[in-house]
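Chemist: There's a structure below that I have some questions on.
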Amino acid sequence: APAIKNFTLNFTITNLQFTADLQNPSSRRFKSTEKVMYHYLDSLLQKSSIGPHFTGCKGTGFRSGSHRDDTKVDAVCSYKDNASLARFDREKLYQELSTMTNNVTKLGHYSLDRSSLHVDG
C-alpha cells in the first residue's frame, strides 16, 4: 500500500479578522472557518498535479497576523506517495497554487497576502 505523506500549507488571509475563538477548535467560528478553508483547499489541490494522489487536509490552525484583519492559516495536507507520482515537488505545487489563487491574492471570498504562501516549509 502506498505511504501517506504529509505536507504543510501556510498562508495569511487579509480579510478575516482574527479573534480568540479562532484558536478554540470547539468554537462555532473555528469549525465554520475550518470547513470553508477545507472546501477551498481541497478543490484547489484536487486540480493540481498531486490531485489524483491528494487525500485531504486536516489539522488547521489559525493564528493572529501582523494586522488586525489578518489571520494566518496553517494546514496539514496529505497525499498517497506511490510510483505514479514522480515525486512531491513543492516548487511546482507552489506555482500551481499561486496561479490558481490569482497570484496568491484570492481564495474563494478571502483575500490573501501575496507573500504569505508556503508549501512544506
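Chemist: From the residues in region 1-45 that are in a loop (DSSP other than H, G, I, E, B) and touching a residue at least 60 places away in the same chain (Cβ under 8 Å), which one is least open to solvent (accessible area, probe 1.4 Å)? Before you say what the answer is, go through the steps one by one.
Modeler: The initial filter retains those residues of region 1-45 that are in a loop (DSSP other than H, G, I, E, B), namely 1-2, 14-19, 24-27.
Imposing the further condition that a residue be touching a residue at least 60 places away in the same chain (Cβ under 8 Å) reduces the set to 2, 14-16.
Numbers: Pro2: 58, Thr14: 50, Asn15: 74, Leu16: 16 Å².
Selected residue: Leu16.
Chemist: Within region 101-110, can you find the residues that are surrounded by fewer than 18 Cβ atoms within 10 Å (Cβ to Cβ) and either under 23 Å from Arg68 (Cβ atoms) or aliphatic (A, V, I, L, M) (or both)? Working first, answer last.
Modeler: The initial filter retains those residues of region 101-110 that are surrounded by fewer than 18 Cβ atoms within 10 Å (Cβ to Cβ), namely 102-103, 105-106, 108-109.
Matches in region 101-110: Thr105, Lys106, Gly108, His109.
Chemist: Looking only at residues that are of a type in the set (A, V, I, L, M) and open to solvent by 20 Å² or more (accessible area, probe 1.4 Å) in region 46-98, which one is nearest to the chain's Cα centre (by Cα)?
Modeler: Initial filter on region 46-98 (of a type in the set (A, V, I, L, M)): 50, 73, 75-76, 83, 85-86, 93, 97.
Now narrow it down to the ones that are open to solvent by 20 Å² or more (accessible area, probe 1.4 Å): 76, 83, 86.
On the way: Val76: 8, Ala83: 25, Ala86: 22 Å.
Within region 46-98, the match that is nearest to the chain's Cα centre (by Cα) is Val76.
Chemist: Filter region 59-91 down to the residues that are farther than 17 Å from Phe11 by Cβ and of a type outside the set (A, V, I, L, M, F, W, C) and list them by number. So that I can check it myself, show each step before the final result.
Modeler: To start, the set of residues in region 59-91 that are farther than 17 Å from Phe11 by Cβ comprises 68, 78-89.
Passing the criteria: Arg68, Ser78, Tyr79, Lys80, Asp81, Asn82, Ser84, Arg87, Asp89.
The values are calculated or read from the model by the stated rules, or taken from the named source; none is laboratory data. The shown structure was predicted, so the numbers you read here are calculated from the model rather than taken from an experiment. Glycine also receives a Cβ, built like all others from the backbone with ideal geometry; neighbour counts cover every protein chain displayed. With ligands, DNA and RNA removed, areas are computed over all heavy atoms of the protein, side chains included. Shrake-Rupley method; radii C 1.70, N 1.55, O 1.52, S 1.80 Å.
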